[in-house]
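> Next up is a structure, given as structure tokens.
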Amino acid sequence: DTALYYAKDEGRNNCQLYKVSLSAKTPEILSLEKSLRCALERKEFIVYYQPRVNIITGEITGMEALLRWQNPEMGVVAPNVFIPLAEESGLIIPIGEWVIREVCTQNKAWQEAGMTPMTIAVNLSPKQFRQPNLLEKVAEILETTGLEPQFLELEITESTAIEDLDFTRSVLKDLEKMGVYLSIDDFGTGHSSLSRLQMLPLHTLKIDGSFIKQLRNDDKVGHIIKAIVTLGQSLGLRLTAEGVERAEEIDFLRSINCDYVQGYFYYRPLSPQQATEVLKSESQK
Ligand code: C2E
Ligand code: CA
Ligand code: CA
Ligand code: CA
């Protein structure tokens, strides 16, 4: 039960690696919070990019930024492991700010390299969405990186959105005024209804991947997906289906006029280098 964690050497203000036994529970065992803080300082976070594809033309119409923690000892750590801890400890605020800045910087660099301009979506955790200076931060990052606001999209989950609809609406309205795109993530899992989300200034609804997965063994779920697409579109929203892995799923989603798809069928999340290659060939089409 030995684990390696990063410890912050406060004295010299740099991060040092210690080998600690998990069972020892000594004060020297540093929390994962400190590991995450060190990871930020040591620049161990890396953003992957998953293209979003137009289901009719097959063109890439945007990408989603997905965070990875590349630790020399632990390898690549998935966000489902560390985002909840970052959220709990509050470290999601600096980490999340880093992600937005990194994505805007990368997007601007791609545009300056002559790639077809596209919007990149960044996930906002509940705590990030509720931080008091979110608007100022986003504005400052856009200003500093020189990225035009329509090339940044912010995703909040359905459950984050419905927790306090009045608050959500006021924040989203300010972000909309700024010119960034807004989308609801994991739609269908938050037990809300479209009529409640209708008051929000949204561009896109992302149908949760669990629905697409259920298509494989449950015929009825197709009707639910179709209803979400039809109703969403009647409210002026673009629909993205997530977690699309199979050709049959594409066929079905095309038959019900879903706008965009994201999933392993087309692209897995790509490293910045891989994403650059994909964008290069896409821009030459
Ligand atoms: P999400 O926003 O719902 O992202 C979609 C997840 O589905 C991603 O997992 C993606 O890699 C995965 N995925 C994409 N296509 C497919 C597919 O065809 N099949 C399957 N099975 N999975 C697919 P990932 O990258 O592990 O991220 C997990 C979650 O972590 C994200 O869910 C999001 O909630 C959170 N997350 C990721 N990056 C960030 C970030 O920068 N900030 C915050 N606050 N949360 C993030
Ligand atoms: Ca997302
Ligand atoms: Ca999602
Ligand atoms: Ca999710």
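The values are calculated or read from the model by the stated rules, or taken from the named source; none is laboratory data. Note that the structure is a prediction, hence the values are computed from the model and not measured. Methodologically, a virtual Cβ is constructed for each residue, glycine included, from the backbone with ideal geometry; neighbour enumeration extends over all protein chains shown. Note: areas computed on protein heavy atoms with side chains; ligands, DNA, RNA excluded. Shrake-Rupley method; radii C 1.70, N 1.55, O 1.52, S 1.80 Å.
> Is region 266-275 home to any residue that is open to solvent by less than 90 Å² (accessible area, probe 1.4 Å), outside any helix (DSSP H, G or I), farther than 16 Å from ALA121 by Cα and out of contact with any Leu (no Cβ under 9 Å at 6 or more places or on another chain)? Lay out the reasoning, then the answer.
Taking region 266-275 as the starting set, the residues that turn out to be open to solvent by less than 90 Å² (accessible area, probe 1.4 Å) are 266-267, 269-272, 275.
Those still in the list that are outside any helix (DSSP H, G or I) too: 266-267, 269-271.
This time we only want the ones that are farther than 16 Å from ALA121 by Cα, so: 266.
Checking which are out of contact with any Leu (no Cβ under 9 Å at 6 or more places or on another chain) leaves us with 266.
So far as region 266-275 goes, yes, one or more of its residues are open to solvent by less than 90 Å² (accessible area, probe 1.4 Å), outside any helix (DSSP H, G or I), farther than 16 Å from ALA121 by Cα and out of contact with any Leu (no Cβ under 9 Å at 6 or more places or on another chain).
> Report, by residue number, each residue of region 194-214 that is within 16 Å of ligand 3 (Cβ to nearest atom) and open to solvent by 30 Å² or more (accessible area, probe 1.4 Å). Quick ask: steps written out before the conclusion?
First pass over region 194-214, keeping only residues within 16 Å of ligand 3 (Cβ to nearest atom): 197, 202-214.
Once the filter is applied, which keeps residues that are within 16 Å of ligand 3 (Cβ to nearest atom) and open to solvent by 30 Å² or more (accessible area, probe 1.4 Å), region 194-214 yields HIS203, SER210, LYS213, GLN214.
> Pick from region 214-226 the residues that are among the basic types (Lys, Arg) and in a helix (DSSP H, G or I): which of them is nearest to PHE252 (Cα to Cα)?
LYS226
> Any residue at all in region 170-193 that is surrounded by 13 or more Cβ atoms within 10 Å (Cβ to Cβ), touching a Pro at 6+ places or on another chain (Cβ under 8 Å), of a type in the set (S, T, N, Q) and closer than 27 Å to GLY243 by Cα?
No, region 170-193 contains no residue that is surrounded by 13 or more Cβ atoms within 10 Å (Cβ to Cβ), touching a Pro at 6+ places or on another chain (Cβ under 8 Å), of a type in the set (S, T, N, Q) and closer than 27 Å to GLY243 by Cα.
> Can you tell me which condition ILE250 does not meet? The list is (1) at pLDDT 95 or above; (2) exposed (fewer than 13 other Cβ atoms within 10 Å of the Cβ), and all the others hold.
(2)
> For region 114-213, which strands (runs of 3 or more DSSP E) that fit wholly inside it have 2 or more residues that are over 16 Å from MET63 (Cβ atoms), among the hydrophobic types (A, V, I, L, M, F, W, C) and out of contact with any His (no Cβ under 9 Å at 6 or more places or on another chain)? Spell out the reasoning first.
Numbers: elements: 119-123, 152-157, 181-187, 204-207.
The strands (runs of 3 or more DSSP E) meeting that bar are 181-187, 204-207.
> I've got another one for you. Report, by residue number, each residue of region 215-247 that is of a type outside the set (A, V, I, L, M, F, W, C), open to solvent by less than 20 Å² (accessible area, probe 1.4 Å) and more than 16 Å from ligand 3 (Cβ to nearest atom). Steps first, answer last, please.
At the first step, the residues of region 215-247 found to be of a type outside the set (A, V, I, L, M, F, W, C) are 216-220, 222-223, 226, 230, 232-234, 236, 238, 240, 242-243, 245-246.
Those still in the list that are open to solvent by less than 20 Å² (accessible area, probe 1.4 Å) too: 222, 232, 240.
Of everything in region 215-247, just one residue is of a type outside the set (A, V, I, L, M, F, W, C), open to solvent by less than 20 Å² (accessible area, probe 1.4 Å) and more than 16 Å from ligand 3 (Cβ to nearest atom), namely GLY222.
> Something else now. Taking the residues in region 151-169 that are more than 16 Å from ligand 3 (Cβ to nearest atom) and in contact with a Pro (Cβ under 9 Å, 6 or more places away or on another chain) as candidates, determine which candidate is most open to solvent (accessible area, probe 1.4 Å).
Applying the first criterion (more than 16 Å from ligand 3 (Cβ to nearest atom)) to region 151-169 yields 151-152, 163-169.
Okay, now just the ones that are also in contact with a Pro (Cβ under 9 Å, 6 or more places away or on another chain), so 151, 163, 169.
Details: PHE151: 31, GLU163: 130, ARG169: 86 Å².
By that ranking, first place goes to GLU163.
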